[in-house]
Structures are given as C-alpha cells and as structure tokens.
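Report on the following structure.
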Amino acid sequence: MNKDLLDYFLHFPVISRREWLKIFGLSTLSTLSLQKSFGGEEAKKIHLDIAHPSPYWTSQNPFAYEPQKLPLIRLNDRPIVLETPREFFEFPFTPNAAFYVRYHLDGIPNSVDLSKWRLFLEGNFLFPTSFSYADLLTRFEPVSIIAVNQCSGNSRSRFYPRVPGAQWGNGAMGNAKWTGVRLMDVLNKAKMKDNTVQIQFQGFDYGRSPEGTPAHSFIKSLDRDDPILEETLLAYAMNDEPLPLLNGFPLRLVVPGKFATYWIKHLTWIRALESEDTNFWMKTAYRIPKNRNNSISFEDYQKGIPIETVPIGAIQMPVRSFIIQPGGDIKLVEKMTVQVKGIAFSGYGRIVKVEFSSDGGKNWQEAILERDLGKYSFRHWHIYWRPQAAGEYILASRAWDEKGNTQPATPIWNPGGYCWNTIETQKIWVGKNS
Ligand SMILES: Nc1nc2c(c(=O)[nH]1)N[C@H]1C(S)=C(S)[C@@H](COP(=O)(O)O)O[C@H]1N2
Ligand SMILES: [Mo]
C-alpha cells in the first residue's frame, strides 16, 4: 500500500455515519467539522487527501471477480459497478473480459433463455411487433462499428469540490467493435407513426431504485429527429463474440459518440412515444448544464442560482486524451528515451491532432497518431521523450477533433460530475543515470 494511504488509515479516527455522509456530501461545513476531529498539521494533510481530486489514474479499490470477467476494480457490489485497470488501454480494443461494468439496479438475471427472449416494439407504431434473437441474426443486414463506450461520470473523482456518485478514475470507458442490426431497419418494420417525438429503450434488469426515486427500471429515450439514430445499432456482438452478460447480453443499444447511459443493455422494449419522456432517468438524472463545457461555478451552485439543464444525450462526448504509459509506477532514467503512449477520442468526429507536454502544459509538441479505426473509436498516439535531467516532471496531453474542439485547461465543474474532459496530467520521476 502506498505510504500516504497507509498513514491515512493509521491515523483515521472513528467517525459517525452522519459525519461520513457529510464528508461525501458537498457542504464545506462538513470538511471543517472533519478537520476539527483531527488536529494540527496532520489533520490538514488528511483533509486534503479526502477532499481533493484523486491523483490516481483509476480508482483505488479492491478487485472483484465476476463471471466472464478478469479481476476488475470494484466500485460497488450491488448493483455491480466495475472499473477497467489502466493497462488494458494499451490495446486499441478493450478486451470483453476487461470491459468496465455499470448498473443502476441490482436485479440482473444469471441466465437468459434465448428461446423465450424477444425484442418488443410497442407504443406509437402502425404495426407493433416483436423479434426473436434468431430474427435479428437472420432477417436483417449485419453491420459493425468501432465505438467508445464511456460512462457520463468517467473520471468523476477528478471533480473539486467532490460530487456524489461513483468515484471513477479514468477506467469507466472502453473501445469495441460492435456488430448488430441498424436501429432504423428494425423501427421501419413496425413503422413509427408521424407524431412520434421520441424512441424509448428499456432493458430487462430491474430492482430497487436509488433511495427516494420511483425508478425500478432503467429507461432512456432519444429524440426522433436526432441524426445519430441513423448510426445507432442494436448490437448482439462485441469484439466478434456474443456480449458478456454484464455488458448487456443478448442485445444492447450502441449510440456512437454519445455517453453510455443511452447504450441500454439487455434491450427488450423499444417504444415510440407521442410525448417527451419524463421518467426519472431523463427528467431528473443525467442532466447537464447547458453552459460552455457543461460547466458551472461551484459558488453559483451553492448560492442556488438556477441552472438551465438538458439531458446528457443532447450532446456528443467531448474530446479527451490520456497518457497510458509511462504510468508513474517506475522511475525513468535521465537522458534515456521513452515512448509515451496514449489514446484520444471525441464524440464529435475524428481525432486530428494530439499534443504532449512534459512541463505541465507550458510547452507542447505534436505526437504521432496511430491507425485511424473510425471516427467513434479510440485513436492511439505516441511520442518519443528524452528527459534531459533527473527530477520530477508533469506530463500532459491534449487532443483536437476534426470539428476544432479541444480540451479545457481549467477544471470543469457540474453537480452530476459529468463530461470531465479537462487536460489530464501525470507526475513522473526521472532518476540519475549513475
Ligand atoms: N439495462 C441497463 N442498461 C444500461 C445501464 C443500466 O443500468 N441498465 N447503465 C447505463 C450506463 S449509465 C452505462 S455507463 C453503461 C455501461 O455499460 P457497460 O456496463 O457495458 O460498461 O450502460 C448503460 N446501459
Ligand atoms: Mo454511466
């Protein structure tokens, strides 16, 4: 265990549940009261440890062992929430067994009887109908797309002040080749009525909703006139294998470039809606400020200044880039060239440029882009870097997409902890060559 962390556990006093709740809430009062329960310099240090953004690439949690999965970082047991460890991002495709997992409800069946499962098209269709798994495999043209699946809350542990919700590091994302049928091909068989305004999607997982909310199923809707519907798939395969159960077997929605909250797993019901969906997951949860970078100031938020919000599906995923290697766990040697490797992606289009900095973002150098696997895919990049002298360095990367979007240097903030795409930094130690 890291020494700071060990220190922290050794000195951590027993505190009440109420205090814990306050710590993970948002009030500044809570941090003050926590500080009081320690004392002196030590208290300040520990206070910083908890209150500040996580400096770690992934979250720091024990591994969990779930069926069809390699050991993944456990954020939660029930519902199952697992993060992908950093090293798997060296590959252009995230292996299915290492792909992160996010659920909202704990009722996930252990098996699915494919002879009984059907995909139902209900609601505002001229010809409501249903399809079996075999129908989907045989009656429609198969299509594939390579696309990043990223949770809206990926990197939430970077937010400062901290916000409630899964404290993800950067591992709530993955890139895969998704194969299935076009959503529009399926919808066209049932013929949406003209006055349809949204298409609603629901999977077969169920369970207790978050406390105080009336949401026992996870349901999301897309606007009927959203151009992304043309590229949306109902996928039955992931990296040329059936979907792992925890990633949505037998069928999931793939909405390229949009946050994964719309990528409904275990898809079973598609409904054409005559009026806008007002269910909890659209009207209350997963909303973002309409502002620039989907960011507001914490001070305004605390003052209760009203914010205009939109469902997170109103935007595509903002451009991001990451350094995968070196990871900061081994010391480099001065004057020895290392290959710095990373990834970049954007929901708005192809990555056209990635820049690298070894001085925390003061000076930038253009990195070499690796193979283009499609506009919704991870794009790997690398650059050779030769640290001139021993010491501590701060590496950083920033990406541009073809629409001219790039990453903000100043941290964004919003109460949901969504859409983080601030430039990432990575501390690196370089040792003497003797
Ligand atoms: N049926 C169902 N689909 C779902 C969810 C869910 O809870 N139930 N969560 C969504 C969210 S918020 C995310 S981040 C992704 C996660 O996809 P994964 O578990 O395959 O990585 O699934 C989306 N689809
Ligand atoms: Mo998510």
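The values are calculated or read from the model by the stated rules, or taken from the named source; none is laboratory data. All values reported here derive from a predicted model rather than from experimental measurement. Neighbour counts run over all protein chains shown; Cβ positions are idealised from the backbone, glycine included. Surface areas here come from the heavy atoms of the whole protein model, side chains and all, with no ligands, DNA or RNA. Shrake-Rupley method; radii C 1.70, N 1.55, O 1.52, S 1.80 Å.
The table below lists the values:
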| item | result |
| --- | --- |
| Degrees separating the helix 28-37 axis from the principal Cα axis of the chain, which is the longest one | 50 degrees |
| Full-extension gain in nm, ASP225 to LYS427, via 0.36 nm per residue minus C-alpha separation | 68.2 nm |
| Note, ³J(HN,Hα) from phi for the range 131-148, Karplus 6.51, -1.76, 1.60, rounded to Hz, x at Gly and Pro | 10, 8, 4, 4, 4, 5, 6, 10, 9, 10, 6, x, 9, 10, 8, 9, 8, 7 |
| Inter-part distance where the range 329-378 and the range 55-81 are each reduced to a Cα centre, Å | 27 Å |
| The chain, accessible area per residue, ligands and nucleic acids excluded (1.4 Å, Å²) | 47 Å² |
| Farthest toward positive dipole pole in the chain [+1 Lys/Arg, -1 Asp/Glu at C-beta], among TRP385, TRP263, TYR236 | TRP385 |
| Fraction of accessible area attributable to carbon and sulfur, the chain (%, probe 1.4 Å) | 53 percent |
| Label-to-label distance, nm, for residues given as GLU299 and ASP113 (7 Å Cα→Cβ offset) | 6.2 nm |
| Inter-site label distance for GLN68 and GLU122 at 7 Å from Cα along Cβ, in nm | 2.5 nm |
| Only Lys, Arg (+1) and Asp, Glu (-1) charged, at Cβ; the chain dipole about Cα centre in debye | 380 debye |
| Signed unit charges on C-beta, dipole axis of the chain, positive-most listed residue LEU187, TRP364, PHE89 | TRP364 |
| Nonlocal amide H pairs with VAL333, under 5 Å, H built at 1.01 Å | GLY431 |
| Table column - 3J(HN,Hα) (Hz), the range 256-273, Karplus curve with 6.51, -1.76, 1.60, x for Gly and Pro | x, x, 9, 4, 5, 4, 8, 8, 4, 8, 6, 3, 10, 10, 10, 10, 8, 10 |
| Dipole-positive endmost among MET317, PHE280, GLY431 within the chain (Cβ charges, Cα centre) | GLY431 |
| Simple spin-label estimate for LYS403 and SER434 in nanometres, 7 Å along Cα-Cβ | 5.4 nm |
| Trypsin sites (Lys or Arg not before Pro) within the range 245-317, DSSP loop, no more than 15 other Cβ atoms inside 10 Å | LYS290 |
| Size of charge dipole - the range 320-431 - debye, nearest 20, with Cβ of Lys, Arg +1 and Asp, Glu -1, no other charges | 140 debye |
